1. Give the residues of segment 6-40 that are β-branched (Val, Ile, Thr) and over 59 Å from the mean Cα position of the chain (by Cα), sorted by residue number.
2. May I ask you to verify whether residue 103 is modelled with pLDDT under 90 and loosely packed, with under 10 Cβ neighbours inside 10 Å?
3. Please tell me if residue 126 is in a loop (DSSP other than H, G, I, E, B) and either in contact with a Leu (Cβ under 8 Å, 6 or more places away or on another chain) or of a type outside the set (Gly, Ala, Ser) (or both).
Amino acid sequence: MGLAVRERNEKQSQIRSKQIKVINDVNNFNEMNRNIKKSNLKKFLIFSTLGSIIIVMTMLVLMRYTKITELNSQVKVLNKEVEELKTKRDYLIIQLEPYKATARIETLAKINLGMDYPKSQQHVKIESGYTEVKTANADTSDTIGAFKSFFSALFGVFNEE
């Protein structure tokens with residue numbers, strides 16, 4: 001019996017060593033899975049953060065393009081309105097032309113208001129004793145004198161001559 005007990009004990013110890021080896025392998029596998037999960041979690045967080053930033057930036061750019069497109073359409077509408085107003089103005093100017101003609105105004109003045117060109121005896125000459133003639137040199141010397149007095153008052157640099 002001693003031999004059978006020893007063989008049984010050896011088999012049990014071999015089974016225990018195999019079980020311990022399997023348990024150690026499972027523990028190592030679980031630890032590796034935890035490490036992989038941690039690194040995968042870090043990678044996931046990094047990629048999701050970068051992805052979110054890219055999505056937000058893309059949305060901002062698209063919003064700006066949308067605003068630019070809206071403004072362009074408003075500009076087109078306003079340009080069309082300006083052209084229509086210019087056309088209307090030109091039409092009204094054309095309609096106004098006959099009323100501005102000097103011959104028509106002269107005829108209306110003669111017929112409706114009884115006006116006529118003055119005759120030579122109706123001319124009156126008015127004389128005044130005051131005459132002032134300015135030349136270009138006088139204007140420039142007055143301007144230079146005004147600048148000199150202005151700067152001399154401000155800085156005291158220029159001397160009066």
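1. 15, 20, 22, 23, 26
2. Yes: the conditions hold for residue 103.
3. Yes.
Results for (1) loosely packed, with under 10 Cβ neighbours inside 10 Å; (2) touching a Ser or Thr at 6+ places or on another chain (Cβ under 6 Å); (3) modelled with pLDDT of 95 or more; (4) not polar (S, T, N, Q), shown as yes or no for each residue.
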position: 38; (1), (2), (3), (4): no, no, no, yes
position: 43; (1), (2), (3), (4): no, no, no, yes
position: 48; (1), (2), (3), (4): no, no, no, no
position: 54; (1), (2), (3), (4): no, no, yes, yes
position: 76; (1), (2), (3), (4): no, no, yes, yes
position: 85; (1), (2), (3), (4): no, no, yes, yes
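The values are calculated or read from the model by the stated rules, or taken from the named source; none is laboratory data. Remember, predicted model here, so these are calculated numbers, not experimental data. All Cβ positions, glycine included, derive from the backbone under ideal geometry; neighbour counts span all protein chains shown.
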